[in-house]
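A short write-up of the structure that comes next.
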Amino acid sequence: MAQHASSSLAVPSDNSKYVTVFNDPVNFNAKHPLHNSWTLWFDNPGKKSNANNWEQSLKELITFDTVEDFWGVYNNVMKACDLAINSNYHLFKQGIKPMWEDSANKHGGKWSIQLPRHKTMSEIDNIWLYTMLACIGEAFEHENEVCGAVVSVRKAFFRIAVWTRSSDSYETVMSIGRTLKRSANIDGTLEFQSHHDSSKTGGKAWTV
Ligand code: MGP
């Protein structure tokens, strides 16, 4: 599915006249490349899961690197709010595994918010959609610092998170939090914790 292009459009290799989605929404043959390739992962670890075997439940679904392929994926996978309890979607830059242990994540942390289930399902789906769009559309001033985003379906709430590469610069981390809050139209409080602190109780947390 992934195509690579250095110009502003991913055009067909045979040099035939290219048609964008704006000219013909069905028969377009040229796509708008994203700055990065992104991989969608899914998991639903069972009750017996723990930090030692959790990785086994991760499933890599698909990688895309154009706007059109993002929408193709989004429109053809189950909506986050329809997933079974304990499921997670992880959308990460290609090459970064959605785990604390990955070298890109291990010094980082996550901005997250828990959305109670009494919010409407479409509100939750929209926050997740706008979170993904902020990531793939490089809405963040420190775009390089963003590793990926996660939506978690839990019994009492949904949690949406953006994972960062580092967690030591207050200004950088806060800038990502503020942009996420604005881009995804989140009206509650987002909380940041380093992955290191998440693994134990009582670590410091920043909020926005
Ligand atoms: P979670 O899904 O981040 O939180 O991690 P949840 O489900 O809200 O529950 P809580 O325990 O934080 O209240 C759930 C569990 O999955 C963790 O306790 C780990 O056992 C495992 N796990 C989750 N993640 C993201 C990782 C990871 O990156 N690496 C490893 N080794 N285990 C993980």
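Side notes on the structure shown:
- Residue tally, condition closer than 30 Å to Thr120 by Cβ and either out of contact with any Phe, Trp or Tyr (no Cβ under 8 Å at 6 or more places or on another chain) or open to solvent by less than 50 Å² (accessible area, probe 1.4 Å) (or both), over the range 53-73: 11
- The listed residue being closer than 27 Å to Thr172 by Cβ, without any contact (Cβ under 8 Å) to a residue 12 or more places away in the chain and either within 16 Å of the ligand (Cβ to nearest atom) or within 13 Å of the chain's Cα centre (by Cα) (or both), out of Ser112, Ser103: Ser103
- Filtered residue count, the range 38-95, keeping only those that are in a strand (DSSP E or B), farther than 30 Å from Asn27 by Cβ and polar (S, T, N, Q): 1
- Exclusive hit being farther than 24 Å from Ala134 by Cβ and either open to solvent by less than 60 Å² (accessible area, probe 1.4 Å) or free of Cβ contacts under 8 Å to residues at least 24 places away in the same chain (or both), set Asn76, Asn50: Asn50
- Scanning the range 55-63 for residues that are in contact (Cβ under 8 Å) with a residue 24 or more places away in the chain and more than 11 Å from the ligand (Cβ to nearest atom) turns up at least one hit.
- Restricting attention to the range 21-47, the residues that are open to solvent by less than 100 Å² (accessible area, probe 1.4 Å), within 20 Å of Val153 (Cβ to Cβ) and out of contact with any strand residue (DSSP E or B) (no Cβ under 7 Å at 6 or more places or on another chain) add up to 3.
- Odd one out for His142 among (1) more than 20 Å from Glu171 (Cα to Cα); (2) away from the ligand (no atom under 16 Å from the Cβ); (3) not small (Gly, Ala, Ser): (1)
- Qualifying residue in the range 80-93 (condition: over 13 Å from the mean Cα position of the chain (by Cα), farther than 13 Å from Gly148 by Cα and away from the ligand (no atom under 16 Å from the Cβ)): yes
The values are calculated or read from the model by the stated rules, or taken from the named source; none is laboratory data. Only a predicted model underlies this, so the values are computations on that prediction, with no experimental measurement involved. Note that each Cβ is placed from the backbone with ideal geometry, even for glycine, and that neighbours are counted across all protein chains shown. For the accessible areas, the whole protein counts, side chains as well, though only heavy atoms, and no ligand, DNA or RNA atoms are used. Shrake-Rupley method; radii C 1.70, N 1.55, O 1.52, S 1.80 Å.
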